[in-house]
1. For residue A:20, only one of the following conditions fails: (1) within 14 Å of DNA strand C (Cβ to nearest atom); (2) open to solvent by less than 60 Å² (accessible area, probe 1.4 Å); (3) in contact (Cβ under 8 Å) with a residue 24 or more places away in the chain. What is its number?
2. Can you tell me how many residues within the stretch B:143-187 are outside any loop (DSSP other than H, G, I, E, B), more than 21 Å from residue A:103 (Cα to Cα), within 11 Å of another protein chain (Cβ to nearest Cβ) and modelled with pLDDT of 95 or more?
3. Kindly establish whether residue B:11 is of a type in the set (A, V, I, L, M, F, W, C), within 12 Å of another protein chain (Cβ to nearest Cβ) and open to solvent by 40 Å² or more (accessible area, probe 1.4 Å).
4. Mind checking which residues of the stretch A:117-139 are open to solvent by less than 70 Å² (accessible area, probe 1.4 Å) and under 19 Å from residue A:169 (Cα atoms)?
5. Quick one: in the stretch A:54-86, of everything that is in contact with a strand residue (DSSP E or B) (Cβ under 9 Å, 6 or more places away or on another chain) and either within 12 Å of chain B (Cβ to nearest Cβ) or in a helix (DSSP H, G or I) (or both), which residue is farthest from DNA strand C (Cβ to nearest atom)?
6. Examine the stretch A:78-97 for a residue that is at pLDDT 95 or above, open to solvent by 60 Å² or more (accessible area, probe 1.4 Å), within 16 Å of DNA strand D (Cβ to nearest atom) and not hydrophobic (A, V, I, L, M, F, W, C), and state whether such a residue exists.
7. Give me the residue from the stretch B:93-120 that is among the small types (Gly, Ala, Ser) and in contact (Cβ under 8 Å) with a residue 12 or more places away in the chain and, out of that set, nearest to residue B:178 (Cα to Cα).
Number of protein chains: 2
Amino acid sequence: MENFQDKISEVVIRRLSDYLRCLNYAKSKGQTLIKSSDISTECGLKSSIIRKDLARFGIFGMKGKGYNIDELIKEIEKILGLNKTKNVVLIGAGNLGTAIIKYQGIKNANFNFVAAFDNNSDKIGKMIDNTKIYSNERLNGFIKKNRIEIVLLTVPSSETIKIVDSLDPKFVKGILNFTSVILPPEKNNIFIHNIDLAKELEVISYCMKKCLS
Amino acid sequence: MENFQDKISEVVIRRLSDYLRCLNYAKSKGQTLIKSSDISTECGLKSSIIRKDLARFGIFGMKGKGYNIDELIKEIEKILGLNKTKNVVLIGAGNLGTAIIKYQGIKNANFNFVAAFDNNSDKIGKMIDNTKIYSNERLNGFIKKNRIEIVLLTVPSSETIKIVDSLDPKFVKGILNFTSVILPPEKNNIFIHNIDLAKELEVISYCMKKCLS
DNA sequence: ATTTTGTAGTAAATCAATTCACAATAAAAA
DNA sequence: TTTTTATTGTGAATTGATTTACTACAAAAT
């Protein structure tokens, strides 16, 4: 399992994330088995692609019955790397940063929100929802000491590049960049994903226009 | 132009958005012409796909010279529906909502940020960066009166469904949903895009794992 | 004029993703 | 048992996206 994977495209990974949400929901309702056609309805996909996605990672169900939910959750979490908790820090404790720290969707066993960093002396030393804010000066030492793998970047755009370049790729493996500076998908072996609000608005603007014509 | 379009996939639209950013940057540096290979380097794509994307919408350059930047910007904006300003409101003026209102990337001629709405009486009547906060009660009247087409949804997840169902599809054509409730891509003829932080974390978690193995 | 150079436009080829359609098989029913 | 039913697993077909590779121009250089 997991080693006879050829190239997995990002859309497959995004679907796995959808399946996971769907599975957790089914589990919360007390289900223990699930059919590919149930996942398919819930996620708005054809059932065949779900079976194919899973088979590709060596996950198989039971003919005539479906898939075991617990097992499926465990396998998908393993594929996504969610089986080991990852330490996360947030840089930039402004409104957006604060919102993210407070956000429910990531208060999750898989991501351990260790600390926040900011330059504003009014904020340093304060807490946001059990997360302490430290001075940016202490960032790199902290990352090293606490084995931080993921950085959420919510600083003003003018600081983006400087901070990204300062992160030690020995520890930091991924950045979620919320600033309006668009970064490349990889830099110094750190994976970067941009959350690009302007682009999302443009895409929805296009969809709206199509719907009218 | 624009009517011999077959089916345009979202990836093409996302690329157009990238081209637009690149073009505006080139324009800001005083360029008036641009080659597909320049856009290609900047956006990390093959030049041929750029030419093909543009040709598909009836946009052509000059052989041996390249494309006229101003013209290209105008055409892409037209395709994305950015030529007409769209009125936008934000519902939920918490940290995330406040951050979005203050966000530079959308202070843009194409999207007119008209108002914010919230239930919290402490906030009602206040301003965030020139945007006034109104009571949720006034939402639907406001949408009708001010021809609001886009809603940015930053309320607590418990309120998501109620608010989405209350929006009048006669006016609202698109929703950007930032709550942790995942909504379908379309509902009552309103296009919906989810900004799903949990999914982004899962995707980057997968990428990080791949990079190590 | 003629040749060279540079870049667009695009048909054909390739590569990738999705769907179809059905055999395999396990459980339930008869 | 045997038959029926349900659902997986997957090869083949299809559909879609990207890349290659080359032609067509237009401008600049000779």
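The values are calculated or read from the model by the stated rules, or taken from the named source; none is laboratory data. For clarity, every value in this text was computed on a predicted model and none was experimentally measured. Backbone-built Cβ (ideal geometry, glycine too); neighbour counts: all protein chains shown. What goes into the accessible areas is simple: the full protein's heavy atoms, side chains included, and nothing from ligands, DNA or RNA. Shrake-Rupley method; radii C 1.70, N 1.55, O 1.52, S 1.80 Å.
1. So residue A:20 meets the others, but not (1).
2. 2
3. The answer is yes for residue B:11.
4. Scanning the stretch A:117-139 gives A:117, A:136, A:139.
5. That would be A:85.
6. The answer is no; no qualifying residue exists.
7. Among those that are among the small types (Gly, Ala, Ser) and in contact (Cβ under 8 Å) with a residue 12 or more places away in the chain, it is B:97.
For every residue, the table says whether it meets (1) within 18 Å of the chain's Cα centre (by Cα); (2) open to solvent by 40 Å² or more (accessible area, probe 1.4 Å).
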site: B:155; (1), (2): no, no
site: B:168; (1), (2): no, yes
site: B:178; (1), (2): yes, no
site: B:186; (1), (2): yes, yes
site: B:193; (1), (2): yes, no
site: B:197; (1), (2): yes, no
site: B:204; (1), (2): no, no
site: B:210; (1), (2): no, yes
